[in-house]
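To keep things clear, I will list the structure first and then write my remarks on it.
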Amino acid sequence: MWDVVVVGGGPVGLFLATELRLAGASVVVLERLERPDPDKDEGDRGVQARTLQTLRLRGLLGDVLRRAGAAEGPVYADFSGPPGEDAPDDLRTLAEQWSTQRLKGHLAFLPLLDEDDGLADVPAQAAVWQGHLERVLEERALALGAEIRRGRQVTDVREDGDAVVATLADGEQVRGAYLVGCDGGHSRVRRACGFDFPGDEAAMLALLATPELTDPAALTPGIHRTPTGLMFVEPPPGQIVTVEFGVPQADRRTPVTREEFEASLRRVSGIDVEVTGLSKATRVTDHARQVTTYRQGRVLLAGDAAHVHSPMGGQGLNLGLQDAANLGWKLGLVVAGRAPETLLDTYTAERHPVGATVLRNTKAQSALLRPDPHSNALRDLVAELIERPQAKRHLVEMLTGIGLRVPHTSSHPLGGRFVPVALGGTDNLGDLLADGHGLLLDLTGDRKAAIEAEGWRDRVRVSHARPAGLDDGPHALLVRPDGYIAWGAEDGDVTGLRETLTQWFGPALTGA
Ligand SMILES: Cc1cc2nc3c(=O)[nH]c(=O)nc-3n(C[C@H](O)[C@H](O)[C@H](O)COP(=O)(O)OP(=O)(O)OC[C@H]3O[C@@H](n4cnc5c(N)ncnc54)[C@H](O)[C@@H]3O)c2cc1C
């Protein structure tokens, strides 16, 4: 029997497998596809500041940027307005700033720019090709000893005493102590286990395709807000995306026909373009749904299986990878018998609110992109507010994940926050967390924090080296394996340290 069965070998399932292996759990990933989906290689994804920091923590960032990094596509490099008009200022600014590291994100394409107003500390987002990212993660998972079985479609999941059993399409059964559904927005695991998945119907429909046009020059490359929607045009023979609101919806898996795409393109562009052929066509909506709990007994969900929403703001992949970073070490400690099962309840407690915030802001972004006069007025108002540094900071922290604080017992100002990890360089805390252990940073001089933590030496590494980014002082910090600071003291007082160690890492070794 496996410690953990992961259903779905997308980015979230693969990253979770690496985290579980670091925690020492035996892991099998069951992936429906025989081989990676080649279309994913062509999907570039915005990777936000917090995810970049997490990848840095695990020594994956260099590999990801080198092998999966995408130059910003022509869509972002060449804005122009709707046919015959100039681009609105907000879109032009976005284009100019995208590659300058000053763009920290956007809200419905309203740019969140660092204008020397307090955003210099936030790493600019990177773009990666999703398919390449998955390959990097798959290689790491294999190198760490995860087993990845392709061509295995899970059709049913049932708890059976102390185990959970996944049944495959060919009738084979795979048993694990726990099972995590990372099987995407249409999750079979979610449905088989009856997770509640409430939310809102879609208001937006985006059609993505690479069309053949009789007159490609009729459409100007760029992002265009038009009186009827939104349109992204890459130079021929690139991708075109139409976005409309309040139009009839079909199931996301329903194929997009040439006629449907042509009609949408005509409505949005206002031009009688003729589409003669279509490839790589798909539909995306802004359905917003989230499970009410991320765990039912021995079954957990992560990534799109737990939450679906529109891709506006580039958050879904980031959200899912952060779910995996939160869950992996906790589940690892529980299957190893080191921590009680109740530790898993903190997974829903910490991640559900973050997912709910993403659902809320993506719905707000749909509202800000509608082309009607009331929505335009709202957009103008929000654009004004964004110019205020505090409002801008609030949105950047939300969209990049860097504002997140986890529960902590700490008098230290960094309590609950992510460790101060620089993306580059070697002299930083990131290097001390690469193996997925917890970290106690003891700069108290008399090493009393380290003495307190002796009973957790199998789970928590101790370091006395002062890392870059921490001021002088007798700091003591307890860092969870996912990089969040669970406890800290600026004055060397170790009150509460043992309780916090027990809370996150389970009881001390006997005799310690
Ligand atoms: C157009 C578009 C643009 C986007 N842009 C961004 C962006 O810029 N930034 C961002 O953060 N996010 C973005 N996203 C969202 C992001 O792509 C997803 O959130 C991410 O892929 C979710 O990863 P996942 O591993 O949870 O699910 P998936 O990527 O869907 O992977 C699920 C895996 O499970 C497998 N599977 C499914 N069912 C079964 C089964 N029954 N048995 C076995 N295996 C199964 C599938 O084959 C697949 O490999 C975008 C999405 C779209 C559509």
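All but one of (1) open to solvent by less than 30 Å² (accessible area, probe 1.4 Å); (2) on the phi < 0 side of the Ramachandran plot hold for Gly314, so report the exception by its number. Against the list (1) open to solvent by less than 30 Å² (accessible area, probe 1.4 Å); (2) on the phi < 0 side of the Ramachandran plot, Gly314 comes up short only on (2).
Gly13 passes every criterion in (1) crowded, with 24+ Cβ neighbours inside 10 Å; (2) more than 10 Å from the ligand (Cβ to nearest atom) apart from (2). Restricting the search to helices (runs of 4 or more DSSP H) fully inside segment 283-390 and requiring at least 3 residues that are over 30 Å from Glu115 (Cβ atoms) gives 316-335, 345-369. Here Val164, Val136 are screened, and the one residue that is under 18 Å from the mean Cα position of the chain (by Cα) and open to solvent by less than 10 Å² (accessible area, probe 1.4 Å) is Val136.
Residues of segment 441-478 that are closer than 25 Å to Leu22 by Cα, in contact with a Gly (Cβ under 9 Å, 6 or more places away or on another chain) and open to solvent by 60 Å² or more (accessible area, probe 1.4 Å): Arg461 alone.
Pairs under 9 Å by beta carbon, first residue acidic (Asp, Glu) in segment 1-29, partner within 10 Å of the ligand (Cβ to nearest atom), six or more apart or different chains? Listed pairs, sorted by first residue: Glu19/Ala324. Comparison of Thr342, Thr348 shows that the only residue that is over 22 Å from Gly184 (Cα atoms), more than 8 Å from the ligand (Cβ to nearest atom), among the hydroxyl-bearing types (Ser, Thr, Tyr) and assigned by the TED database to the domain that holds Arg45 is Thr342.
With respect to Arg35, is the statement that it is away from the ligand (no atom under 12 Å from the Cβ), in the same structural domain as Val299 (by the TED database) and basic (Lys, Arg) true? No: the conditions fail for Arg35.
A quick yes/no check of all residues on (1) open to solvent by 30 Å² or more (accessible area, probe 1.4 Å); (2) in contact with a strand residue (DSSP E or B) (Cβ under 6 Å, 6 or more places away or on another chain); (3) touching a residue at least 12 places away in the same chain (Cβ under 8 Å); (4) within 16 Å of the ligand (Cβ to nearest atom):
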residue: Ala177; (1), (2), (3), (4): no, yes, yes, no
residue: Gly181; (1), (2), (3), (4): no, yes, yes, yes
residue: Gly184; (1), (2), (3), (4): no, no, yes, yes
residue: Val189; (1), (2), (3), (4): no, yes, yes, yes
residue: Phe195; (1), (2), (3), (4): no, no, yes, yes
residue: Glu201; (1), (2), (3), (4): yes, no, yes, no
residue: Leu205; (1), (2), (3), (4): no, yes, yes, yes
residue: Thr210; (1), (2), (3), (4): yes, yes, yes, yes
residue: Pro216; (1), (2), (3), (4): yes, no, yes, no
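The helices (runs of 4 or more DSSP H) found entirely in segment 53-141 that carry 1 or more residues being modelled with pLDDT under 80 and within 27 Å of Gln390 (Cα to Cα) are 74-77, 89-97. Taken over segment 142-158, the criterion of being near the ligand (Cβ under 10 Å from one of its atoms), not β-branched (Val, Ile, Thr) and not in a loop (DSSP other than H, G, I, E, B) is satisfied by Arg149, Arg150, Asp156.
For segment 260-276, the set of residues classified as open to solvent by 10 Å² or more (accessible area, probe 1.4 Å) and either in a strand (DSSP E or B) or touching a Cys at 6+ places or on another chain (Cβ under 6 Å) (or both) consists of Thr276 only.
Every residue, every condition in (1) under 29 Å from Arg190 (Cα atoms); (2) modelled with pLDDT of 95 or more; (3) within 14 Å of the ligand (Cβ to nearest atom), yes or no:
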position: Met231; (1), (2), (3): no, no, no
position: Thr242; (1), (2), (3): no, yes, yes
position: Val247; (1), (2), (3): yes, no, no
position: Ala250; (1), (2), (3): yes, no, no
position: Val275; (1), (2), (3): no, yes, no
position: Arg289; (1), (2), (3): yes, yes, yes
position: Pro311; (1), (2), (3): yes, no, yes
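Which one is farthest from the chain's Cα centre (by Cα), of the residues in segment 297-308 that are within 9 Å of the ligand (Cβ to nearest atom) and either within 13 Å of Ala108 (Cβ to Cβ) or open to solvent by 10 Å² or more (accessible area, probe 1.4 Å) (or both)? It comes out as Val308.
The values are calculated or read from the model by the stated rules, or taken from the named source; none is laboratory data. Fair warning: this is a prediction, and the values are worked out from it, not measured in the lab. Glycine gets a Cβ as well: all are built from the backbone with ideal geometry, and neighbour counts include every protein chain shown. Ligands, DNA and RNA are stripped out before the accessible areas are found, and what is left, the full protein with its side chains, is counted by its heavy atoms. Shrake-Rupley method; radii C 1.70, N 1.55, O 1.52, S 1.80 Å.
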